[in-house]
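Structure first, commentary second.
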Amino acid sequence: MQDDKLLDSTRDELLERLRALDEPQASSSLAELAYRRAREALEKALEEARTIRLQAIDDARAAREREMAALVESLKGLRQAAEAQIESLLREAELQAEALRDQAQSDARTILEAANRESATVRAEAAALRAGAEERAREVARLEADFDAQLEAIGKRLGMQKPKKGLFGR
């Protein structure tokens, strides 16, 4: 922008000088011809400067567009790399979750089997204890019956009568 203003002010100044030379001071045809040629050269130079400036602006715009395209491609590459990394992490997490799930199921099966074995052992021990207790109860009942029979036999030998409410009922 400042280049445009500077160029315009320089151009205006040069045109003013040329117009001042156009006045009656330069009456000879050779001076007029030199003036016209100088004026044409100046106009061509100004036109070339304008063309060069426009070309520089176009070149700068094209360079920015190329840089922007390269930046966009770079960002796309980074995005694809990030997506690939995310996919990789998700697959790894799924594999770890599956391994943990399998391990948990295996541990649960092992614990269940151990609990089943332990409960079978406890049931067998309980059954054995119950059978032993029932056997002892039968043995005690048999011993009581045998003891009562022996007491009754002793009482008969001694001539005692059997009490109605038991031996120690009286």
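The values are calculated or read from the model by the stated rules, or taken from the named source; none is laboratory data. Since we're looking at a predicted model, the values are computed, not measured. Reconstructed Cβ throughout: ideal geometry from the backbone, glycine too, with neighbour counts over all protein chains shown.
The set of residues in region 116-154 that are of a type in the set (S, T, N, Q) and modelled with pLDDT under 90 contains only Gln150.
Return the residues of region 37-54 that are closer than 15 Å to Leu14 by Cα and either of a type in the set (Val, Ile, Thr) or without any contact (Cβ under 8 Å) to a residue 40 or more places away in the chain (or both); say none if nothing qualifies.
Here is the first cut: in region 37-54, the ones closer than 15 Å to Leu14 by Cα are 37-47, 49.
Listed by number, the residues that qualify are Arg37, Ala38, Arg39, Glu40, Ala41, Leu42, Glu43, Lys44, Ala45, Leu46, Glu47.
In this structure, Leu46 does satisfy being more than 23 Å from the chain's Cα centre (by Cα) and of a type outside the set (Val, Ile, Thr).
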